[in-house]
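Since every read-out is calculated from the coordinates, none of them should be taken as a lab result. Just so it is clear, the model here is predicted, and its values are computed rather than measured. Neighbour counts run over all protein chains shown; Cβ positions are idealised from the backbone, glycine included.
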Amino acid sequence: MKRNTLIVLTGMLTVLLCAGQAARGTDFESYLSANKERFDRMREGMVKRQIEARGIHDPRLLKVMRDIPRHLFVPLHLQLKAYEDGPLEIGHDQTISQPYIVAFMTEALEIAPDDRVLEIGTGSGYQAAVLARLAAEVYTIEIVEPLYQQAKERLGQMDYRNISCKLGDGWKGWPEFAPFDKIMVTAAAAHVPEALVDQLKDGGRMILPVGEKSQNLIVGVKRGGRLITQEVLPVRFVPLVKGEAK
Ligand code: SAH
């Protein structure tokens, strides 16, 4: 018992030291390439255990989640946690959603390859990257300036040419590029923002968390100018704040 504990502790320490040394000693690139296989294995485990095992079967979506390096969307000190089964802090009191929730919300939108999608709440840019691999164009809005700047730069470096980022208030949507085939909101609103319903195509789908203390994911389909909604899952998201970009 004691010996096993010691082995586990020594192993954990070695891992931490190696990761720390690689990150400090050489540059970031060599740290990433040294750990690539490890991240690949963790990502495979995430898809199998958290996503496939819970009933997400869309092969295009599973491939995208197997491909996108989620650890590059979180702060350096949290990279080893990037494939865990929960949300993670990304700074400014905001979070990147749990991998399963990203998969669930994306699948619920039934994205077609020629869709134009609006996302509210860019955050780390991870969800936008997932959408961009499935749809033709993604428009994403973030209200916190440093998060907007960082996500725009990150997505640019990763060569996502079909994502447009905007700094602004998601309650207003992005009328210049409306109407959208699909809309996803990744922060919780007290009610469905009307501007977003206006900017959704007839027959289009929208998914968003609604509520304050207790929240539910709502899937809506627009028919004859109205959004027909259905509650699909209890969730916990950061609030969709009102007001100008800060
Ligand atoms: N989709 C993100 C996670 C979103 S967290 C990802 O993949 O990482 C929710 C984000 O919504 C936060 O970054 C928060 O700053 C942003 N947000 C909150 N209110 C907003 C608003 N009114 N307009 C645009 N973005 C908003």
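Computed values, structure above
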| quantity | calculated |
| --- | --- |
| Hey, Leu147 in contact with a Leu (Cβ under 6 Å, 6 or more places away or on another chain), surrounded by fewer than 24 Cβ atoms within 10 Å (Cβ to Cβ) and among the aliphatic types (A, V, I, L, M) or not | no |
| Residues (buried (at least 20 other Cβ atoms within 10 Å of the Cβ), more than 11 Å from the chain's Cα centre (by Cα) and not in a strand (DSSP E or B)) located in the stretch 109-144 | Leu109, Ile111, Asp115, Ala132, Leu134, Ala135, Ile143, Val144 |
| Selected residue (only one of Ala135, Ala128, Ala112 is over 19 Å from Val241 (Cα atoms) and within 11 Å of the ligand (Cβ to nearest atom)) | Ala128 |
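Here's the yes/no breakdown for (1) more than 10 Å from the ligand (Cβ to nearest atom); (2) surrounded by 13 or more Cβ atoms within 10 Å (Cβ to Cβ); (3) in a loop (DSSP other than H, G, I, E, B); (4) of a type in the set (Ser, Thr, Tyr):
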{"position": "Leu196", "(1), (2), (3), (4)": "yes, yes, no, no"}
{"position": "Lys201", "(1), (2), (3), (4)": "yes, yes, no, no"}
{"position": "Arg205", "(1), (2), (3), (4)": "yes, yes, no, no"}
{"position": "Val210", "(1), (2), (3), (4)": "yes, yes, no, no"}
{"position": "Lys213", "(1), (2), (3), (4)": "yes, no, yes, no"}
{"position": "Asn216", "(1), (2), (3), (4)": "yes, yes, no, no"}
{"position": "Val219", "(1), (2), (3), (4)": "yes, yes, no, no"}
{"position": "Thr229", "(1), (2), (3), (4)": "yes, yes, no, yes"}
